[in-house]
Amino acid sequence: MQPVPIRTSLIFVAVIGAASFLPQFGSEYVVAVALSFAMWVALAQSWTVLCGMTGYGSFGHAAFYGMGAYVQVLTWGTLSPWLSVPLAGLVSCLFALAAGYPALKVRGPYFVMLTFGLAEFLKFSIIGIEATLGQFSRLIIGAPSPNALYLAMLGLAAAATLITYVVSNSRFGYGLRAIREEEQAAETIGIPVARYKLTAFGLSAFIPGMVGAVMAMRLSYFEPSQAFDALISFNIVVMAMIGGSDDARGPLLGALFLIGLSELLWARAPQVYMIVLGALLVFFVLFAPQGLAKQLFGGARRRAT
Amino acid sequence: MTAVLEAEDLAAGYGDVIALHGVSLTVAPNSITVLLGSNGAGKSTFLRTIAGLLPTRRGHIVFSGQDITSCRSDQRVDLGIVMVPEGRLIFPQLTVEENLKLGAFSPRARTRQAEGLDQAYVMFPRLKERRSQMGGTLSGGEQQMLALARGLMARPQLLLLDEPTLGLAPVMATMIFETIKQLKASGLTILLAEQDVRRTLEIADQGYVLESGKLAMSGSGAELIADQRIGSAYLGI
């Protein structure tokens, strides 16, 4: 673990500090966009801890988001909403550990399909449970103010960025990269491969669970097919891929790029948004597979352990 | 002297396929012990089971007097059992130096990482020249050197080498055999699985021949070279 560069930490603190004053002078619209940006940063950072570093691509992170949202509506009225948020993170994390134990035995496209399948399975299970209970969507009444929720989301984005940064520069992070590079060789040099993968999976589910719990309050209702929407997983993957990199820079760039693009296009030409998104993804995969981080920062190499 | 490694009635396999049917052998300290046999005889399976990459189905593994049958692979590395896998499995997108540093991942090896790196560069000057190059850009022989040097970074007491000369140019293979002899001279114990029977037996203190997952023959290197059955089956004489 190297000491955190002073410049980086100053920028980090300054940005978070400035962003926390946004509700004082920004319009409602600006705060809403900033909340959405913070949400995607938090989600993409969490994804990077598992997928960017180990190379195990998850197409099912919506499951963790949805679980978090579900925990929030289930405990609404019985638990303080701010207590439900960490609880939601914990439930998502435990679910990831249980699902990851068998799922992480397969890799490559099989793992991608498995995570996608698990998330869909969870979605339809919750839809089924809710239908049996006679609940087709649940309302949240008396949620905290949008400004408070924005600050909570900002905190989650900061925490997720910090986690990715710390992991990325740690011995654990280098172990994860070794797994991505060549799993069998990683095992022969004494990296506890199975434990590391599971830890990364659990870690990458924690923040998304909390994000889901905060978003349930922001949307003030819960509907399983929306909370577990596969488009959430898809967006996370696209942002992380466009951002590139296996450290904290990529997800920031990816989220900034995509939120900027979507704000530009949704207002002016909503019908072409998905088309442009698809074209961009093709472009990045073909011409800049290492993402924006690589393009901007060049081959700035990391140092090993 | 007690054996460094004792395998008792070891069985292992992949799914429903049993590749190793109860093999017992011992490895003496500071020796070169070799495993011979054709493809699929169980040499790799044996090494992988000793390294803890495959679960033991039956039998026991005793390392320096300690039963390690139920130890995880990372615990075995920390105890001093290090395997250099077949096929030069290096980390292709990391530099040569990063590859080497990752070799000292285990807690016991980590404190001596810098020292290990110096020793690796003395032993393999070629790797020093290429220290900031990506592992994947090295030639086959250089990758094998890197895999070997990375294994040494883990500070092994028992080094398991799985087919280190497979697919290498003859001059490179000679160099690898020389390195193995040097490693023995420096005090290491080596268990080596190889296809190149003649050259392997020339440096072997003890040899074991596997056939279809069972022990078929054993003896000192000299005894096995002289053995008629080895001559006709593996040396073509």
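Every number in this text was worked out from the coordinates using simple rules, so none of it is lab data. Worth saying up front: this structure is predicted, and the values here are computed from it rather than measured. Every residue, glycine among them, receives a Cβ derived from its backbone with ideal geometry; neighbour counts consider all protein chains shown.
For A:Met241, B:Met134, what's the fewest-to-most ordering of other Cβ within 10 Å of each Cβ?
Values: A:Met241 23, B:Met134 17.
The order, fewest Cβ neighbours first, is B:Met134, A:Met241.
For the protein assembly as shown, what is the convex hull volume of the alpha-carbon atoms per residue, in Å³? Don't skip to the answer; put the middle values down first.
Numbers: hull volume 93.4 nm³, N = 542.
Each residue corresponds to 172 Å³ of Cα convex hull volume.
Relative to the Cα centre, what is the charge dipole magnitude of the protein assembly as shown, using +1 at the beta carbon of each Lys and Arg, -1 at the beta carbon of each Asp and Glu, and rounding to the nearest 20 debye?
Working: 40 positive and 36 negative charges, 188 e Å.
The calculation lands at about 900 debye.
Going down the list B:Lys181/B:Lys214; A:Lys105/B:Lys184; A:Lys197/B:Lys181; A:Lys105/B:Lys128, which pairs span over 30 Å between their C-alpha atoms? Walk me through the numbers on the way to the answer.
Working: B:Lys181/B:Lys214 28 Å; A:Lys105/B:Lys184 37 Å; A:Lys197/B:Lys181 37 Å; A:Lys105/B:Lys128 36 Å.
Exceeds cut-off: A:Lys105/B:Lys184; A:Lys197/B:Lys181; A:Lys105/B:Lys128.
Choose one of B:Gly151, B:Leu5, B:Val27: the residue whose Cα lies farthest towards the positive end of the charge dipole of the protein assembly as shown (beta-carbon charges +1 Lys, Arg; -1 Asp, Glu; about the Cα centre).
B:Gly151
Under the definition of Cα pairs under 8 Å and six or more residues apart, what whole-number percent is the relative contact order of the range B:90-155?
That works out to 56 percent.
Taking the beta-carbon count within 10 Å as an exposure proxy, list A:Trp266, A:Trp76, A:Trp47 from fewest neighbours to most. Could the numbers behind the result be given before it?
Details: A:Trp266 10, A:Trp76 19, A:Trp47 28.
Neighbour counts put them in this order, fewest first: A:Trp266, A:Trp76, A:Trp47.
For peptide B:85-98, how many partner chain Cβ atoms fall within 10 Å of a residue's Cβ, on average? Please list the in-between numbers first.
Values: counts 6, 1, 3, 2, 8, 3, 11, 2, 5, 9, 4, 0, 2, 9.
Mean inter-chain Cβ contacts per residue within 10 Å come to 5.
In percent, how large is the relative contact order of chain A, given Cα pairs closer than 8 Å and 6 or more residues apart?
Values: 443 pairs, mean separation 99.6, N = 305.
RCO, chain A: 33 percent.
When all alpha-carbon pairs of chain B are counted, what percent fall beyond 23 Å? Please report the intermediate quantities before stating the final value.
Values: 13160 of 27966 pairs.
The calculated P(r) of chain B puts 47 percent of pairs beyond 23 Å.
Report the charge-dipole magnitude of the range A:6-229 in Debye, nearest 20, computed about the Cα centre from +1 at each Lys and Arg Cβ and -1 at each Asp and Glu Cβ. Let's see the in-between values first.
Details: 11 positive and 9 negative charges, 78 e Å.
Value, rounded to 20: 380 debye.
Obtain the nm distance between the two label points defined at B:Glu202 and A:Ala32 by a simple spin-label model: each point lies 7 Å from its Cα along the Cα-to-C-beta direction.
Result for the modelled spin labels: 8.0 nm.
Please say if the range B:64-199 is rounded, prolate or oblate, where rounded means a/c under 1.5 for a ≥ b ≥ c the square roots of the C-alpha gyration tensor eigenvalues, and otherwise the choice is prolate for a/b larger than b/c and oblate otherwise? Walk me through the intermediate numbers first.
Details: a/c = 1.63, a/b = 1.15, b/c = 1.42.
Judged from the Cα gyration tensor, the range B:64-199 comes out oblate (a/c at least 1.5, b/c at or above a/b).
Which whole number gives the average count of other chain Cβ atoms within 10 Å of the Cβ atoms across peptide A:174-187?
Numbers: counts 6, 3, 0, 5, 7, 1, 3, 11, 12, 1, 7, 14, 6, 11.
Going residue by residue through A:174-187 and averaging, the value is 6.
Using every Cα-Cα pair within the range B:90-155, state what percent have a distance larger than 19 Å.
Numbers: 403 of 2145 pairs.
Distances greater than 19 Å cover 19 percent of the Cα pairs.
For chain A, what are the DSSP H helices with axial Cα length of 24 Å or more and mean Kyte-Doolittle hydropathy of at least -1.0?
For chain A, where a helix must reach 24 Å along its axis and average at least -1.0, the hits are A:28-47, A:81-103, A:109-132, A:146-168, A:193-219, A:249-268, A:270-287.
Sum up the charges of everything whose Cβ sits under 14 Å from the Cβ of A:Pro224, counting Lys and Arg as +1 and Asp and Glu as -1, but leave A:Pro224 out.
Taking every Cβ under 14 Å from that of A:Pro224, the sum is -2.
Taking each residue of B:100-106 in turn, how many C-beta atoms of other protein chains fall within 10 Å of its C-beta, and what is the average?
Working: counts 1, 4, 13, 7, 4, 11, 4.
So the per-residue partner count for this stretch is 6.
Explain nothing, just the number: relative contact order of chain B, from Cα pairs under 8 Å at least 6 residues apart, as a whole percent.
Numbers: 467 pairs, mean separation 64.0, N = 237.
Relative contact order, chain B: 27 percent.
Please list, ordered by chain and number, the residues whose modelled amide H lies under 5 Å from the amide H of B:Ala19; skip anything fewer than 5 residues away on the same chain.
Residues meeting the criterion, in which the H sits 1.01 Å from N, are B:Ala12, B:Gly13, B:Tyr14.
Rounded to the nearest 0.05, what FRET efficiency do A:Ile127 and A:Gln290 have when you use their Cβ-Cβ distance and R0 = 30 Å? Don't skip to the end; give the middle numbers.
Working: r = 38 Å, r/R0 = 1.28.
In this case the efficiency is close to 0.20.
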